[in-house]
Amino acid sequence: MKHNRWFQIFALVVLASMILVACAPQATPTTPPTAEPTVAAPPTEVPPTEVPPTEVPATEAPTAEPTKNTVIIGVTDKLASLDPADAYAIMDWESIKNISEGLLRWKPGTLDLEPALATDMGTISEDGLTYTFTLKDGIKFADGTPLDATMYAAQLNRLLTIGPGATCPNGVAGALVTPYVQSITAPDAKTIVFTLKNKIGYFVQLLATAPYVVSDPKTFPADTCVLFPEAPIYGVGPWYISQFTKDEQIVFEPNPYYTGDLKPQVDQIIRRDYADAQTMALAVQNGEIDVAWRQFSPDQINPLKAIEGLNVATVPGGSIRFLILNHTMAPTDDPNVVKAIASAIDRNEIADTVYGGNVEPLYSMIPSGFLGADDVFDTMYAAPNLDAAKQFLAASGYTETNPLKLEMWYPPEHYGPSTAAWMELIKKQLEATGAIQVTLQAQEWSTYVTALTGGQAYAAGVLGWFFDYPDSSNYLDPFVYNGGEGTNVSPAAEGTDYGNPINDKAKQLVDLLAQADSETDQGKRADLYKQAADIYADLVASVPIFFNAEHIIYRTNITGTSTFAYPETLNVGPNIEFYYSLINKTP
């Protein structure tokens, strides 16, 4: 009798499994952690109250798992690492910050910082070297493991210990942590203390970046970086990763222990990789995916706007394009030459002719909305001003009979096929002065970027930039200090953190930026960056050309959250942070 009863149970389980398998969605998550884990009953005997019926009644048959409300996001960015002590790519950070949080975060859709895991914005010591934070109560990983300050500090210390080492090849610790942080300690279970090497005015912005989120010690050990761990991957944020297939897709499921205010609106997010933007665009048109995110070239946008059933939204953030001019190589070591270039370029013609108005002319290295942003190149050069350009050239002896000969380099593929078109347009604009002859030179990206930023090979070339953290320092410091990515206004030198400025103006620029870096009063910082931007433009350290806004394309049954900024871009704001928990989908 007991044997027959077990056979009936087995038959019922097989039948239920067949039904569940037949009805399962395409991407089925691993069994999610539950808010109240239960202990499974030992299989020694079947309790009388759980005796199954001898036949499966139609009305009591197991039903298929309800269809999940799933949003599928297509991307073309490649994942380089999921370890916060190593990850330094946009999609790395997007993944990490959706499954975990740090002490501070940017309020969705804005550049305003607010507490996340911390109870408040923390306290700063009078000397500006010590930042102290208190953890909120009840923070847990998605498997139910509680977080305390001791664990958090230990995980962050991976940045100081293994972060600069060989197992963490992407180098985020060396860029955003070790230059600034002396130590990270937890004096008790609720308190985390950062001690800095120097006073840093933008340290709170750094604290909101992905390297400073908490990671799971069971997945990310103290002695090595784990770039691509196996799922499930838990954090303390709104989601956890239930499935992960590198270069194919990631499945995000809600964290049942999440206590924050960014709770998921749908049951599941699937982020699917695409080889190129064109294939991804077709997928969102056909409804294979719900959202297509990033890396659309400006000339792909207009056709998508005409398709019924799609929303094409312009995100108020993106990358910039500019010319690097080498100030220690002829002919761009001549101040008149660089001012002539700045005077002759017509940015509006580039935006309209090459990109159909889908990029924005840029007149400052600091984009609109950041501290000290001002259209200083427009004020100073009013380009295109060919008369002014001719005067600068004539002052250095360049005329129609003795033209300046200038080589300009660019990577033909890295920034999209339109790059060649706008470089041809710049050549035409410069040659319209009658006193410049331009030779365009194309070079494959890996060779190109090393040669340009090394400051020893090219006098002029194209570069793009996307910030590491949304602060004005990240738009000026890299192009001034220690060679400045090829500008050489302050070439690297032994015994200094900033390089050796080439002249008095360059020294004044370096001093202003260094002062702004350590100033914690944001009003004073804004004034310092405005002064620095003026000198930067006078030197023509580089020439800003255009701002390339990101676009997000989504089906009309997808919405953002109206309680946060930019619901029309699914709450993606100037910092390009995409909070998956704010997406909703109407079935």
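On the stretch given as the range 341-365, residues that are open to solvent by less than 10 Å² (accessible area, probe 1.4 Å), under 32 Å from the mean Cα position of the chain (by Cα), within 27 Å of Ala330 (Cα to Cα) and of a type in the set (A, V, I, L, M) total 5. Please tell me if Asp534 is charged (D, E, K, R), at negative phi, part of a helix (DSSP H, G or I) and surrounded by fewer than 22 Cβ atoms within 10 Å (Cβ to Cβ). When the stated conditions are applied, Asp534 passes them. Within the range 294-301, can one find any residue that is within 24 Å of Tyr410 (Cα to Cα), at pLDDT below 95 and in contact with a His (Cβ under 7 Å, 6 or more places away or on another chain)? Yes: one or more hits. Counting only strands (runs of 3 or more DSSP E) that sit completely within the range 262-381, those holding 3 or more residues that are in contact with a Ser or Thr (Cβ under 6 Å, 6 or more places away or on another chain), over 30 Å from Ile139 (Cβ atoms) and of a type outside the set (S, T, N, Q) correspond to 310-325. Apart from one condition, Pro411 fits all of (1) of a type outside the set (A, V, I, L, M, F, W, C); (2) modelled with pLDDT under 95; (3) crowded, with 21+ Cβ neighbours inside 10 Å; (4) in contact with a Leu (Cβ under 7 Å, 6 or more places away or on another chain); the exception is (4). State yes or no: is Asn326 surrounded by fewer than 20 Cβ atoms within 10 Å (Cβ to Cβ) and modelled with pLDDT of 95 or more? So Asn326 does not fit the description; no.
Being open to solvent by less than 20 Å² (accessible area, probe 1.4 Å) and among the aromatic types (Phe, Trp, Tyr): is that true of Tyr498 here?
no
Restricting attention to the range 539-559, the residues being open to solvent by less than 20 Å² (accessible area, probe 1.4 Å), at pLDDT 95 or above and either in contact with a strand residue (DSSP E or B) (Cβ under 9 Å, 6 or more places away or on another chain) or assigned to a loop (DSSP other than H, G, I, E, B) (or both) number 11.
For the range 562-583, a residue qualifies if it is among the hydroxyl-bearing types (Ser, Thr, Tyr), open to solvent by less than 30 Å² (accessible area, probe 1.4 Å) and outside any helix (DSSP H, G or I), and exactly one does: Tyr579.
Across the range 228-273, which residue is nearest to Asp77 (Cα to Cα) among those that are of a type in the set (Asp, Glu) and touching an Asp or Glu at 6+ places or on another chain (Cβ under 7 Å)? Step by step, filter the range 228-273, then rank; the result is Asp273.
Of all residues being touching a Ser or Thr at 6+ places or on another chain (Cβ under 9 Å) and outside any loop (DSSP other than H, G, I, E, B) in the range 462-477, which is most open to solvent (accessible area, probe 1.4 Å)? Just the residue, please. Among them, the one singled out is Trp465.
The values are calculated or read from the model by the stated rules, or taken from the named source; none is laboratory data. Here the structure is a predicted model, which is why all the values come from computation and not from measurement. Cβ: placed from backbone, ideal geometry, glycine included. Neighbour counts: every protein chain shown. Side chains included, ligands, DNA and RNA excluded: accessible areas come from the protein's heavy atoms. Shrake-Rupley method; radii C 1.70, N 1.55, O 1.52, S 1.80 Å.
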